[in-house]
Structure formats: C-alpha cells, structure tokens
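See structure below.
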Amino acid sequence: MDWITDLLADWYLVTKSLHVISVIAWMAGMFYLPRLYVYHVEQVEPGSATDRMFQTMERRLLRAIINPAMAATWTFGLALVFTPGVVDWSFTWPWVKAGAVLAMSWFHGWLSARRREFAKGTNTRSGRTYRMMNEVPTVLMVIIVFSVITRF
C-alpha cells in the first residue's frame, strides 16, 4: 500500500487543482438550479412549451454538470483526505468541512428530488421556498471555505 500513498503524495497538486475545479463547477450548478426553479414555478404555465424547455434545462444542468461535478469533487476530495499529511483529524476544521460537504450533498439530493417533481408536474413549493433554499449553498460554501482556509 506504500505505492498508493506515494502516488497520492506525488499527484497532490494535480489532485488539489482538480478538486478545486470540480468544486467550482458543482457550486455554479448548485447556485443556478434553485434559481431556475424560482423562475419555473413563478413564470411558467405547467404543461406548456416553456415548461418543457425549463424541464430540459434543469435535467441537463443536473445530469451534465452538477452530478459529474459532485462525483469529481468527492473523488478528488477523498484522494486528498487519504494523501499523507493533508488532513489532521485531531483538529476541528476537517470535521466542520466534512459536515458541510455532507449537507451540500444532501442539498444536491433535495434539488434532484425537486427536479423529478417538476418533471411529474407535482411541484407544490413556491418561488419563496426556492429563493430561501437558494441561500443554502452559499452558507455551506462559506463554512467550507473558512474551515479550510482558517483551519480552526
């Protein structure tokens, strides 16, 4: 198993770069999808051509950008966790970050469930709900960034 830790150490900067890139892509989608839901619920007549267009946009955003970006974020993030010397679990910051990443992943699943509701025509949530939920990724991002940078 020494070859794995050597490989992780040798590729640390590449892995870290790919992690940051995938986080940026994931966050872009996590900011945009709830905003699409606001417009969808407030401006679109269910069953209309515009409704179908919004459903297509939401599905493609989720499947082509957000899902792969989350998978890449987790993959490269876990590679960093297993890279020797990167994370010291005796500190608070990695636990805070891990909790916030799990919460972000839950939110991702929540957004996916809402997309399925729009596709079935069963959405019951208001634009106000989606506006409030649109703040969730921002709050989690602040927690994650501060925990990693300040390492409290």
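No lab work stands behind these numbers, since they all come straight from the coordinates. For clarity, every value in this text was computed on a predicted model and none was experimentally measured. When we count neighbours, we look across all protein chains shown, and the Cβ atoms used for this are built from the backbone with ideal geometry, even at glycine.
Taking other Cβ atoms within 10 Å as a rough exposure proxy, ASP88, ASP2 sort from fewest to most as ASP2, ASP88. So how tilted is helix 49-60 from the main axis of the chain? Cα-based, degrees 0 to 90, rounded to 10. The answer is roughly 10 degrees.
Here the Karplus relation 6.51 cos²θ - 1.76 cosθ + 1.60, evaluated at θ = phi - 60°, turns the backbone of the range 113-120 into coupling constants of 5, 5, 4, 5, 5, 4, 5, 7 Hz, with x for every Gly and Pro.
Note on PHE146, PHE91, PHE118: ascending count of other Cβ atoms within 10 Å places them as PHE91, PHE146, PHE118, the fewest first. When the chain is described by a simple charge dipole with +1 on each Lys and Arg Cβ and -1 on each Asp and Glu Cβ, the residue from LEU8, PRO46, ALA98 located farthest towards its positive end is PRO46. In the chain, a dipole from Cβ-located charges (positive for Lys and Arg, negative for Asp and Glu) runs towards its positive end, and of PHE118, MET132, GLY77 it is PHE118 whose Cα lies farthest in that direction. The phi torsions of the range 77-82, fed into the Karplus equation with coefficients 6.51, -1.76 and 1.60 and a -60° offset, translate into couplings of x, 5, 4, 5, 4, 8 Hz, rounded to whole numbers, with Gly and Pro shown as x.
Result for the chain in a Gaussian network model with C-alpha springs under 10 Å: among PHE54, PHE82, PHE107, the largest mean-square fluctuation is at PHE82. Computed extension length for LEU13-ALA64: 15.8 nm, one decimal, from 0.36 nm per residue of separation with the Cα-Cα distance subtracted. Dividing the summed helix terms, -39500 (n - 2.57) for each DSSP H run of n ≥ 4, by the number of residues in the chain produces a 222 nm estimate of -26000 deg cm²/dmol to the nearest 500.
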